[in-house]
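Data block below; observations after.
The values are calculated or read from the model by the stated rules, or taken from the named source; none is laboratory data. Being a predicted model, the structure only gives us computed values, none of them experimental. Ideal geometry is used to build each Cβ from the backbone, glycine not excepted, and the neighbour counts take in all protein chains shown.
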Amino acid sequence: MSEAFNSVLVNTRTKPIITMLEDMRLYMMKRWATNRSRVTSFKSANCPKILSILQKEALQTKNWVPSWSAHKLFEIRHVSQSGDNFVVDIDKYTCSCRKWSISGIPCVHALTAMNFLNLNAEDSLPVWFKKSTYEEMYSSIIYPINGKHLWEVTQCPDVLPPPKRQLPGRPKKKRRLEQ
């Protein structure tokens, strides 16, 4: 997220601090409003991108064979007998391929085990992939503000930058990269 945010603000970083902060506030205000309106179009209780990833993984379950061990513990083998075996523990939300632990989205091995037990894979998604979490995240509002001509005039003096000090020694003749 920070790299994407930096790429949007490349031209803004060269502006004075107040102008830069205003541009950042305006960008964030528009982005949050867009995300807030986007969440209303979600038809499911989970985010659509996560559901599409889950569906792609579910299409590959036909190539895997579950072997039930106990409770919700499985060994999942590939149909080609290539020696690929993975251990899935549905109660602990883990698979030995570690994809489920890293992304939070059940891997093909976990989905194979869930299909064996007739469990709904969407129920195993973490709360941060839910529509309600997305709504809660963008529920706060970045309020618009008036232009600087309508700002309240105060009795306090304007804040000025510190005086520029002359450093001892000869000044460098190197060209700065910014120029």
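Each row is one residue, and each column tells you yes or no for (1) at pLDDT below 90; (2) part of a helix (DSSP H, G or I); (3) farther than 23 Å from Ser44 by Cβ.
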site	(1), (2), (3)
Gln60	no, yes, no
Val65	no, no, yes
Phe74	no, no, yes
Arg77	no, no, yes
Ser80	yes, no, yes
Phe86	no, no, yes
Lys92	no, no, yes
Cys97	no, no, yes
Leu111	no, yes, no
Original post:
Of these, Pro106, Pro144, which one is in a loop (DSSP other than H, G, I, E, B), surrounded by 15 or more Cβ atoms within 10 Å (Cβ to Cβ) and not small (Gly, Ala, Ser)?
Top reply: Pro106
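Assess whether Pro171 counts as being closer than 27 Å to Asn46 by Cα and over 31 Å from the mean Cα position of the chain (by Cα).
Taking the combined requirement at face value, the residue does not satisfy it.
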Original post:
Here are some residues: Ser7, Ser41. Which one is exposed (fewer than 12 other Cβ atoms within 10 Å of the Cβ) and either part of a loop (DSSP other than H, G, I, E, B) or touching a residue at least 24 places away in the same chain (Cβ under 8 Å) (or both)?
Top reply: Ser41
**OP:** Could you please find all residues in the stretch 10-51 being within 20 Å of the chain's Cα centre (by Cα) and hydroxyl-bearing (Ser, Thr, Tyr)?
**Re:** Tyr27, Thr34, Ser37, Thr40, Ser41, Ser44
**OP:** For the stretch 125-139, state whether one or more residues are surrounded by 10 or more Cβ atoms within 10 Å (Cβ to Cβ), in a loop (DSSP other than H, G, I, E, B) and touching a Pro at 6+ places or on another chain (Cβ under 9 Å).
**Re:** yes
Original post:
Considering Leu54, Leu111, which residue is touching an Asp or Glu at 6+ places or on another chain (Cβ under 6 Å) and surrounded by 14 or more Cβ atoms within 10 Å (Cβ to Cβ)?
Top reply: Leu111
**OP:** May I ask you to verify whether Glu152 is within 24 Å of Ala45 (Cβ to Cβ) and either in contact with a Lys or Arg (Cβ under 9 Å, 6 or more places away or on another chain) or among the acidic types (Asp, Glu) (or both)?
**Re:** no
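Please enumerate the residues belonging to the stretch 14-37 that are charged (D, E, K, R), within 26 Å of Lys131 (Cα to Cα) and either surrounded by 13 or more Cβ atoms within 10 Å (Cβ to Cβ) or touching a residue at least 24 places away in the same chain (Cβ under 8 Å) (or both). Step through it out loud before you land on a result.
Start the filter on the stretch 14-37 by keeping residues that are charged (D, E, K, R), which leaves 15, 22-23, 25, 30-31, 36.
Narrowing the set further to residues that are within 26 Å of Lys131 (Cα to Cα) leaves 25, 30-31, 36.
Those that are charged (D, E, K, R), within 26 Å of Lys131 (Cα to Cα) and either surrounded by 13 or more Cβ atoms within 10 Å (Cβ to Cβ) or touching a residue at least 24 places away in the same chain (Cβ under 8 Å) (or both): Arg25, Arg31, Arg36.
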Original post:
(1) of a type in the set (Gly, Ala, Ser); (2) out of contact with any Cys (no Cβ under 9 Å at 6 or more places or on another chain); (3) farther than 29 Å from Ser37 by Cα; (4) in contact (Cβ under 8 Å) with a residue 40 or more places away in the chain: which one isn't true of Ser132, the others all being true?
Top reply: (3)
